[in-house]
Amino acid sequence: MSYNVNLREVSYALSEALDYVGIDDTMHGKRVAFMSAEIAKTLGWSPSRIDDLIMIGMLHDCGVSSTDVHSHLVNELDWDNSQVHCLRGSALLQNVGIYHQYAPVILYHHTHWDHFEAAVSDQIKEYANLIYLTDRVDALRVQLGDASNVERHNIASVIQKYSGSMFSPELVDAYMETSSSDSFWFYMEDEALNDYFSEWIGAGENNSVPFKILKNIAMMFASVVDAKSTFTSEHTYGVASLARYLTENCNLPSETQEKVELSAFFHDLGKLRVADEILQKAGPLNEEERSHMNRHGFDSHMILRKIKGFHDIAKIASMHHETLDAKGYPYHLGGDNIPIEARILTVADIFQALVQDRPYRKGLSASEAYAIIHNMGEENKLDRKVIGVLAAHLEECYKRSLHPSSYLNE
Ligand SMILES: [Fe+2]
Ligand SMILES: [Fe+2]
Ligand SMILES: [Fe+2]
């Protein structure tokens, strides 16, 4: 089926998940997009180039999943390992039809102006270097505190110092001109920034977007989530593949199958806000760590609910830790308040996690994992009908959980 959505809104909302990696400083991508667009206006660039820059700005750090990598990038002007996230981000965008054209820009967004190979086109160089410049301005802004006059001056002197080496002299001049207005800095406060982008989203169109395109986008964001921990690589893909299969075998219509699959790809988006140490911890979490961890379903909802046309997906995704006895989280819903789509997603999420290797244990066999799920059904936590379908196709469910890539393009 097709979804009636505004792709600007979809990209903007999902880019919030990338910004979550900053934990407390969560508007980095948006500030980079804003500054780049404003500087491009000063330079007299066309509206379509400005749109490109907004998209690139929002997505530019899709290669960063780790809060530790994020903090290096923000706290060091020219971090030695910065190329890793450029390569990864560019590889991710390469696979998504609607973002494909931005991949080379992301590849070079930490490349010094005087280090470009001759083969790179002028447009890519300009886009990439402008993103680099505004990205560094934002890092300096975080390092130096907020943007008082003294700090604005200090930021400007660092940027000017690298004119001709790290940054294109023409872009540095345009930055100096654009940033001389107070409003440039006021716009970077959260509320003003959100207003700025709602206007941009409002100027976009609603289109009938086929499931396949949305799946493509969803898979990219799922990869960002899965990259956060080596132990959970392909967790989301496994859950999506299994959840769709269970939905199909519960004899639900293909529209529901698609909805469940998209919800599954998005279900752990909120985990991007959980610090690496908590997500990677080998032992049990203490109370405070647990409370950070347990809000991720809610945070997934906060991201997805901003997309008009994604109402159901937002709900299903956010309920994947709810249980029928109302002891799940974050809503403590229980019973009839949990729709079948979410019940399926929950079973898929638990089953996949049990059969996958974790830092502190090997993955369980299909029958061991099933025994645990069966008990949870007896305790009225999980839906017994869904468990029945899992039991009837146990081997197939096991394969889909662990080797999702062979099934996802069906
Ligand atoms: Fe970056
Ligand atoms: Fe960045
Ligand atoms: Fe989760």
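Bear in mind that the values in this text are calculations on the coordinates, not laboratory data. On a predicted model such as this, the values are computed, not experimentally measured, just so you know. Please note: Cβ atoms are built from the backbone with ideal geometry, for glycine as well, and neighbour counts cover all protein chains shown.
With +1 assigned to the C-beta of every Lys and Arg and -1 to the C-beta of every Asp and Glu, and no other charges, what is the dipole magnitude of the stretch 356-410 about the Cα centre in debye, to the nearest 20? Please report the intermediate quantities before stating the final value.
Numbers: 8 positive and 8 negative charges, 30 e Å.
The dipole magnitude comes to about 140 debye.
Could you tell me which GluC sites (Glu not before Pro) in the stretch 23-118 are loop residues by DSSP with no more than 10 other beta carbons within 10 angstrom of their beta carbon? Intermediate results must be reported in sequence, preceding the final value.
Details: sites: GLU38, GLU76, GLU117; in loops: GLU76, GLU117.
When the GluC sites (Glu not before Pro) of the stretch 23-118 are filtered for loop state and at most 10 Cβ neighbours within 10 Å, GLU117 remain.
With every atom except the alpha carbons ignored, what do you get for Rg and Dmax of the stretch 228-406, in angstroms?
Rg then Dmax for the stretch 228-406, in Å: 15.2, 42.
Could you list which residues have their amide H under 5 Å from that of PHE167, counting only those 5 or more apart in sequence or on another chain, with H placed in the peptide plane?
Under 5 Å from the amide H of PHE167: TRP113.
Efficiency by 1/(1 + (r/R0)^6): what FRET value for ASP336 and ASP195, r their Cβ-Cβ distance, R0 = 45 Å, to the nearest 0.05?
Values: r = 39 Å, r/R0 = 0.87.
The calculated FRET efficiency here is 0.70.
Can you flag which of LYS125/LYS271; LYS306/LYS385; LYS271/LYS327; LYS259/LYS306; LYS271/LYS306 are past 22 Å Cα-Cα?
Working: LYS125/LYS271 33 Å; LYS306/LYS385 32 Å; LYS271/LYS327 20 Å; LYS259/LYS306 17 Å; LYS271/LYS306 18 Å.
Going by Cα-Cα distance, LYS125/LYS271; LYS306/LYS385 fall outside the 22 Å limit.
Show log10 I(q)/I(0) for the chain at q = 0.06, 0.13, 0.15 Å⁻¹, two decimals, from a solvent-free Debye sum over equal Cα scatterers.
-0.26, -1.07, -1.33
Only Cα pairs under 8 Å and at least 6 apart count here; give the relative contact order of the stretch 228-406 as a rounded whole percent.
Details: 268 pairs, mean separation 46.5, N = 179.
Reported relative contact order: 26 percent.
Stick to Cα atoms and the Kirkwood definition of Rh, then tell me Rg/Rh for the stretch 2-202.
Numbers: Rg = 15.7 Å, Rh = 16.8 Å.
Rg divided by Rh gives 0.93.
Given an 8 Å cut-off on Cα distances and at least 6 residues of separation, report the relative contact order of the chain as a percent.
Numbers: 615 pairs, mean separation 69.3, N = 410.
After rounding, I find 17 percent.
Could you list the residues of the stretch 42-75 with an amide nitrogen less than 16 Å from a label point located 7 Å from the Cα of GLU151 in the Cα-to-C-beta direction?
Under 16 Å, as judged by backbone N against the label point of GLU151, lie 74-75 of the stretch 42-75.
Which value, to two decimals, describes the C-alpha radius of gyration of the stretch 254-331 once divided by 2.2 N^0.38 Å? Don't skip to the answer; put the middle values down first.
Working: Rg = 13.5 Å, N = 78, 2.2 N^0.38 = 11.5 Å.
Here the Cα radius of gyration is 1.17 times the empirical estimate.
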